[in-house]
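Report on one structure; see the data block that follows.
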Protein chains: 2
Amino acid sequence: VSEGGTPSAVLQRAKEIVGAENVFTATSDLAPYVVDARKRYSGRALAVARPGSVAETVALVKLCAETRTPLVPQGGNTSLCGASVPDQAGTALVINLSRMNRIRQIDPLNNTMTVEAGCILAAIQQAAADADRLFPLSLAAEGSCEIGGNLSTNAGGVQVLRYGNTRDLVLGLEVVLPSGELWEGLRGLRKDNTGYDLKQLFIGAEGTLGIITAAVLKLFPKPRGVAVAFAGLDSVGQVLRLLSLVQALAGERLTAFELMSDFALRLVLKHRPGSQVPFAREFAQYALIELSDTQTAEAVTPLLESILADAMGQGIVIDAAVAQSESQAAALWALRENVSEAQGAEGRNLKHDVAVPISAIDEFLRVTDAALAAAYPGVRPVTFGHVGDGNLHYNIARPESSNEQAWLAETKAVQKIVHDSVARFGGSISAEHGLGQLKREEILRYKSAVEMDLMRAIKRTLDPLGIMNPGKVL
Amino acid sequence: VSEGGTPSAVLQRAKEIVGAENVFTATSDLAPYVVDARKRYSGRALAVARPGSVAETVALVKLCAETRTPLVPQGGNTSLCGASVPDQAGTALVINLSRMNRIRQIDPLNNTMTVEAGCILAAIQQAAADADRLFPLSLAAEGSCEIGGNLSTNAGGVQVLRYGNTRDLVLGLEVVLPSGELWEGLRGLRKDNTGYDLKQLFIGAEGTLGIITAAVLKLFPKPRGVAVAFAGLDSVGQVLRLLSLVQALAGERLTAFELMSDFALRLVLKHRPGSQVPFAREFAQYALIELSDTQTAEAVTPLLESILADAMGQGIVIDAAVAQSESQAAALWALRENVSEAQGAEGRNLKHDVAVPISAIDEFLRVTDAALAAAYPGVRPVTFGHVGDGNLHYNIARPESSNEQAWLAETKAVQKIVHDSVARFGGSISAEHGLGQLKREEILRYKSAVEMDLMRAIKRTLDPLGIMNPGKVL
């Protein structure tokens, strides 16, 4: 380490770049930046620096490159995989982008919006709505997560079925490369075939290849009519048949198709006593369906009713309720949205964020449920998720006879059963949440050497010094 | 060159790999493989080899890597930029994938289809339709272009507005890397966040980073109702206002929104005498609008009529005709589709495939038309294109006073005026067609050094020997 690279010299220069008031070093100040959202990873940092501009971010990264200081790009720090906190070494500079929260431009005619990385997702949604447009990315953390993190993890959420993942919502990026050079790729074009599509490298790279400082996002026409239904069905197979039917008859309108098992619903009813289920009896599985339309709900609600009547006529759906008001729609959505909280109230369970081809979901669940039941009699899968995307949050609650401590000790063994089964069906062990620190080792079991080598080669090419979010993804 | 790498030794080994009947060396046999679709590039080749399987493709690429033999991946050879033909050196092996034309799997429940690179686009569309699904990629060459080429150029076409470019229609790829290693990335997942999204590297890379041998494509619900209208308007500004209105009221149904100028329409009427325009008078600009719906045309045709009535009430549209039958719809589409042929019949013009932000189209056209008119009095722009994507085929016909030879001599000068203007509006000088050989030098004027360096670094990392489609893109 040269003199200019001693920790105190780096700190001094960081203060000169962003102002002393934007560099935190006291343990109490660092706490919110070094512990992850699920409190699973508690790291240490040299400091947290909060740049207020692209130029400051460039200068910080140049400083890190010059002094070989590891850096951790960070937004709202809501990663569920430990991607946005530093490791234990205490040598890394956390570069937190939250101050860069300007909406640079809204272009309604081009249906685009240029935003800085620190913009909170909900603020972006609101700005789009104010311009009579929709920015469709929507997920549980939207009140605190920032778009730079959404981009870096290629976030999913509840409207992927219609609008795609975050990757599909981006037209251009501005990125500070690990060298400190700035790539100005803020294009607002729907078609541009002039060489390699470089933005794709940085989307979903979890901050290991560069720091995204701004993005051009796609906007969409704002839906005027929304219809929501909750259906009770006999089996996962019937849920998938219903999905096919709804896609055939309402394809372009289908914005959400969510599955939850009866056990998941029971947990919600137990821990959220105000919850209202529109049925007098229990069913094995439930589907929540949302249609959206630029035409009004007067057209789309009867369409959803007629599709469900058709499905009941065919014996696919046993009973169904279509919301007749916004409050009824919200009550139905709450059944699905409260699953995460309800299962937490029941005790800690073992979580898996997996995807398989939609055509394999039924068999995947039967095979995996059976394998888990054989290994752990009485085990209780809390099955729910974005089934229209093949994405299941397949969380495993302990057998009632076991205790929490003993169950948590089985984490790795349970995970292996689930992930091996996912792999057998050609699936993904991280559908939405990324690898971060959490699945960085685990992924080595499932990716080919060719694929890992390609990823490592890309990493070495863009970040030869290895300073960019070390210990994540690779 | 080692003994195993002499041209005759390479040929001998290639014959052992794919069979002598699948290696062409005679000049007459080579002709269709070494001259491009527009007959602008006439190259030479060591041979054309036509592998029948992934294993044979792997073996050919290993042979090329081992012997440092340049190779040119090729599908239907319909590139408009010379990307799929060899250079003049005569040392390259053309690896033509046309024999690998198997549809490996259709999975209607997962809405996916696994196809080999040599499948002709129209055959894929038909197979999807037979499974009651839509594969939406559609373009003029669909009867002969192959999906490997569509993927390698990230092809666009007429339905990008709703379904995206080819890039957006792919879930997984199988790729033979320049080393001859096989990357098996044929996933059929809508969500998979387990590291870098490697398939993005190969899509749109024009065969410079690897050979795509197969892909998992997305399928969509088949539209049951289609409505088509042709509208006459006073200006490009009004066309863009109409686009906004249609998006607001029919957003999810809008599958095409095409612009053509009056001059473009006159060329069609002159050179295709059977063409029928539904108006008694001329307008400055025309828009062709298509809505599609999984519900029947009984719903979507009245919707389009009511939107156009609204637009006429607001003074945006002056006159409009909505097709009342499939044959009327086809006749309206023919007006747009025959522009390319009609302008050819009028004499050779200077073609540009550009994109700008939709909000900039009006000013871009005014400024660029004026700049061209100042430089070349009497010049006649043939303006048409996928205006809903910001993509214009802005082709410039000579002043009637000039002659064809003199006009073609102005190619570079005209191109500079157009492309400089595109750059000023933040646009792309190749929206749909790629760089190939045609725009490989030109792009250096418009991309930053940082971006070119990143592209070159990626190229070096994946293809350190530089054998993969040399002289294209970079």
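The values are calculated or read from the model by the stated rules, or taken from the named source; none is laboratory data. Here the structure is a predicted model, which is why all the values come from computation and not from measurement. Glycine gets a Cβ as well: all are built from the backbone with ideal geometry, and neighbour counts include every protein chain shown. Side chains are part of the model used for accessible areas, which takes the heavy atoms of the whole protein and leaves out ligands, DNA and RNA. Shrake-Rupley method; radii C 1.70, N 1.55, O 1.52, S 1.80 Å.
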### Query
In the range B:281-322, which residues are within 31 Å of the chain's Cα centre (by Cα) and among the polar types (S, T, N, Q)?
B:285, B:292, B:294, B:295, B:296, B:301
### Which numbered condition residue B:263 misses (of (1) under 30 Å from residue A:303 (Cα atoms); (2) surrounded by 14 or more Cβ atoms within 10 Å (Cβ to Cβ))
(1)
### Query
Within the range B:70-147, which strands (runs of 3 or more DSSP E) (wholly inside it) include 3 or more residues that are crowded, with 19+ Cβ neighbours inside 10 Å and within 14 Å of another protein chain (Cβ to nearest Cβ)?
B:112-116
### Message
Among the residues in the range A:268-289, are any out of contact with any Phe, Trp or Tyr (no Cβ under 8 Å at 6 or more places or on another chain), touching a residue at least 40 places away in the same chain (Cβ under 8 Å), within 13 Å of chain B (Cβ to nearest Cβ) and open to solvent by 60 Å² or more (accessible area, probe 1.4 Å)?
### Response
no
### Query
If you go through the range A:40-54 one residue at a time, how many are outside any loop (DSSP other than H, G, I, E, B) and not hydroxyl-bearing (Ser, Thr, Tyr)?
4
### Task
Being more than 23 Å from the chain's Cα centre (by Cα) and of a type in the set (Phe, Trp, Tyr) is the filter; apply it to the range A:167-209 and report the residue that is farthest from residue A:67 (Cα to Cα).
A:196
### Message
Name the single residue that is farthest from residue B:220 (Cα to Cα) among those in the range A:226-243 being open to solvent by less than 30 Å² (accessible area, probe 1.4 Å) and within 11 Å of chain B (Cβ to nearest Cβ).
### Response
A:237
### Contacts under 8 angstrom Cβ, first residue in the range A:192-218 being at positive phi and part of a loop (DSSP other than H, G, I, E, B), partner among the β-branched types (Val, Ile, Thr) and open to solvent by 10 Å² or more (accessible area, probe 1.4 Å), 6 or more apart
A:204/A:153; A:206/A:153
### Query
Going by the structure shown, is residue A:14 more than 12 Å from residue A:63 (Cα to Cα) and not acidic (Asp, Glu)?
no
#### Entry: Some residue of the range B:347-363 being part of a helix (DSSP H, G or I), within 14 Å of chain A (Cβ to nearest Cβ), among the polar types (S, T, N, Q) and open to solvent by less than 60 Å² (accessible area, probe 1.4 Å)
yes
### Query
Is it the case that residue B:403 is open to solvent by 30 Å² or more (accessible area, probe 1.4 Å) and within 18 Å of residue B:344 (Cα to Cα)?
yes
### Message
Criterion first (under 29 Å from residue B:251 (Cβ atoms) and crowded, with 17+ Cβ neighbours inside 10 Å) does residue A:293 satisfy it?
### Response
yes
### Task
May I ask you to list the residues in the range B:162-184 that are open to solvent by less than 10 Å² (accessible area, probe 1.4 Å) and facing chain A (nearest Cβ under 7 Å)?
B:183
### Query
Among the listed residues B:328, B:343, which satisfies the condition of being part of a helix (DSSP H, G or I) and either touching a Gly at 6+ places or on another chain (Cβ under 8 Å) or open to solvent by less than 20 Å² (accessible area, probe 1.4 Å) (or both)?
B:343
## Note on the structure
Restricting the range B:446-474 to residues that are within 9 Å of another protein chain (Cβ to nearest Cβ) and in contact (Cβ under 8 Å) with a residue 40 or more places away in the chain, the one nearest to residue B:67 (Cα to Cα) turns out to be B:462
### Message
Any residue at all in the range B:208-217 that's within 30 Å of residue A:245 (Cβ to Cβ), buried (at least 24 other Cβ atoms within 10 Å of the Cβ) and within 13 Å of chain A (Cβ to nearest Cβ)?
### Response
yes
### Selection within the range A:412-445 - facing chain B (nearest Cβ under 8 Å) and either open to solvent by 40 Å² or more (accessible area, probe 1.4 Å) or in contact with a Phe, Trp or Tyr (Cβ under 8 Å, 6 or more places away or on another chain) (or both)
A:427, A:429, A:433
### Task
Inspect the range A:386-399 for any residue being open to solvent by 30 Å² or more (accessible area, probe 1.4 Å) and assigned to a helix (DSSP H, G or I) and give the result as yes or no.
no
### Query
Taking residue A:252 and the conditions (1) surrounded by fewer than 17 Cβ atoms within 10 Å (Cβ to Cβ); (2) within 26 Å of the chain's Cα centre (by Cα); (3) within 14 Å of chain B (Cβ to nearest Cβ), which numbered condition does it fall short on, given that it satisfies the others?
(1)
#### Entry: Residue match in the range B:227-243 (condition: within 30 Å of residue B:305 (Cα to Cα), modelled with pLDDT of 95 or more and part of a loop (DSSP other than H, G, I, E, B))
yes
